[in-house]
1. With N set to the residue count of the range 176-247, report its C-alpha Rg divided by 2.2 N^0.38 Å to two decimal places.
2. Run the numbers on the chain and let me know its relative contact order in percent, using alpha-carbon pairs under 8 Å that are six or more apart.
3. How large is the accessible surface per residue of the range 229-276, computed with a 1.4 Å probe and reported in Å² as a whole number?
4. Please compute the volume of the convex hull spanned by the alpha-carbon atoms of the range 1-60 and report it per residue in Å³.
5. What part of the accessible area of the range 194-291, given as a whole %, is carbon or sulfur when the probe is 1.4 angstrom?
6. Let me check I've understood the local charge: for LEU49, count other residues with C-beta under 13 angstrom from its C-beta, Lys and Arg +1, Asp and Glu -1. What total comes out?
7. Residue-wise, which Karplus ³J(HN,Hα) couplings in Hz belong to the range 187-204, taking 6.51 cos²θ - 1.76 cosθ + 1.60, θ = phi - 60°, and x for glycine or proline?
8. Quick one: check the C-alpha center-to-center distance for the range 25-87 versus the range 1-17, whole angstrom.
Amino acid sequence: MKITGKTKILGIFGYPITHTLSPLMHNAAIERLGLDMVYLPFEVEHKDLKNVVDAIRALNIIGVNITIPHKESVIKFLDEVSDDARLIGAVNTIVNKNGKLIGYNTDGEGYVNSLKNELGFDVKGKNIVILGAGGAARGIVFAIAKKGAKKIVIANRTIKKAVSLANEFKRHFKEAEILASGIDEQSFKKYLTDIHLIINTTSIGMNDKGDLKIPFALIPKNAVVSDIVYKPLLTKFLKNAERFGIKTHSGLGMLVEQGALSFKLWTKKDMPKIIVYKTLQKKLARSGRIL
Ligand code: ATR
């Protein structure tokens, strides 16, 4: 990659930031398309968030991703926020439009796109169980409700959080049936028998820590079991589902598709996804996390 006097800067703000795969992903796409751009990681503490957001304008950075823990708190420093990001309550992408900073959220839509592109799975009219009710679940519940899912069950360890998330989105998506449940087997097993998709949005299974146990035998054989965790690519949750002969969907697709939506917002170009997938798979395999 050649840096010139005209090279445009993209980046990601988060804390910690050293494990992010976004620079690898976006720089692979930039290089393949021959763009005079570079995507850099910035470790940003909470106390510096306003200053670094202002620096996007001052340094003429064309756009950034926002990651944990700033996705919610960054909103107050922006000039404009898309309707979707406002409803989700979180921003993962900022576009610098001639000095005006506009916030978007591509996480949920990226997730829905990855189901569609990898498996040809359309969430419209489907019964879906979501495990977890944190920030990642919010974006996904929003996106699948918007795309016309029929029934959405939010199952969470802290049931109060599931209830409040379900109530909030019920107000916006009147056609969908949105329910809350505990995450223990007894509470949500009744919802499994007619599902089309179950999604783990909790951090259980990340870096092979913890094992999310659910009664796979109750899940219809034509359903999909999905995990947004991508380290390892095949989590214990997905491995167990495969043992029951159930189709699985890993978190890598969401990473790439949310990135592709951000990339398009910044560059107006389609991300070359094949090269990006290959680059990320190679990296994840090299760090001992084999597909
Ligand atoms: P994120 O932005 O990645 O979603 P988060 O907002 O901290 O992170 O949410 C983490 C989710 O994982 C929550 O739903 C959390 O459940 P609680 O609301 O009960 O805390 C869930 N989670 C994390 N560790 C868990 C565990 N060991 N067992 C069950 N759920 C867990």
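1. On the way: Rg = 12.0 Å, N = 72, 2.2 N^0.38 = 11.2 Å.
This ratio for the range 176-247 stands at 1.08.
2. Working: 572 pairs, mean separation 45.4, N = 291.
It rounds to 16 percent for the chain.
3. Numbers: 1880 Å² over 48 residues.
Normalised by residue count, the accessible surface of the range 229-276 is 39 Å².
4. On the way: hull volume 4.4 nm³, N = 60.
Dividing the Cα hull volume of the range 1-60 by its residue count gives 74 Å³.
5. On the way: 2570 of 4510 Å².
Using a 1.4 Å probe with all protein chains present, the range 194-291 comes out at 57 percent carbon and sulfur.
6. Values: positive: LYS47, LYS50, LYS71, LYS76; negative: GLU43, GLU45, ASP48, ASP54, GLU72.
Cβ neighbours under 13 Å give a net charge of -1.
7. 5, 10, 5, 5, 8, 7, 5, 10, 7, 9, 7, 10, 10, 8, 10, 7, 8, 5
8. 10
The values are calculated or read from the model by the stated rules, or taken from the named source; none is laboratory data. Given the structure is predicted, the values throughout are model-derived calculations rather than measurements. Every residue, glycine among them, receives a Cβ derived from its backbone with ideal geometry; neighbour counts consider all protein chains shown. To get the accessible areas, we keep the full protein, side chains included, count just its heavy atoms, and leave off ligands, DNA and RNA. Shrake-Rupley method; radii C 1.70, N 1.55, O 1.52, S 1.80 Å.
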